[in-house]
Amino acid sequence: MSNFEVIVSKELLEKCVTLSVSSEIYNKNISKFIGPVFSEAPFFPSRKPEVSFSEARERATLLLMERALDMGANAVVNLTISTAPYKAQGSGWGCSMIVAYGNAVVIDE
């Protein structure tokens with residue numbers, strides 16, 4: 001299994017893990033802070049970079065949700081998505097990494 005593969009279905013992740021770009025989730029109480037959670041997905045520019053970038057961003061987000069779920073969280077707050085250039089040392093190829101990170105938390109249902 002690759003480090004960039006999502007195992008749990010997108011539909012299940014969306015039901016089980018709530019995302020927020022702020023430090024709160026409207027009308028929800030954060031009862032437990034679990035810890036930081038990170039994920040990354042490679043982005044290789046193609047003839048349609050907007051398509052592959054969107055796919056890589058979604059893959060990084062879903063992987064983040066899966067990792068948060070594995071940690072016992074049902075939400076991620078302070079979600080941030082950024083890019084980082086990556087070039088393998090000694091090779092002629094490069095790509096960008098889409099990095100997703102935030103704080104895994106438990107919210108009261």
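Assorted remarks:
- Taken over the range 41-75, residues that are in a loop (DSSP other than H, G, I, E, B), among the small types (Gly, Ala, Ser) and at pLDDT 90 or above amount to 2.
- Val17 being β-branched (Val, Ile, Thr) and either modelled with pLDDT of 95 or more or in contact with a helix residue (DSSP H, G or I) (Cβ under 9 Å, 6 or more places away or on another chain) (or both): yes
- Of residues in the range 76-101 being part of a strand (DSSP E or B) and among the hydroxyl-bearing types (Ser, Thr, Tyr), the one modelled with the lowest pLDDT: Tyr86
The values are calculated or read from the model by the stated rules, or taken from the named source; none is laboratory data. Being a predicted model, the structure only gives us computed values, none of them experimental. Neighbour counts run over all protein chains shown; Cβ positions are idealised from the backbone, glycine included.
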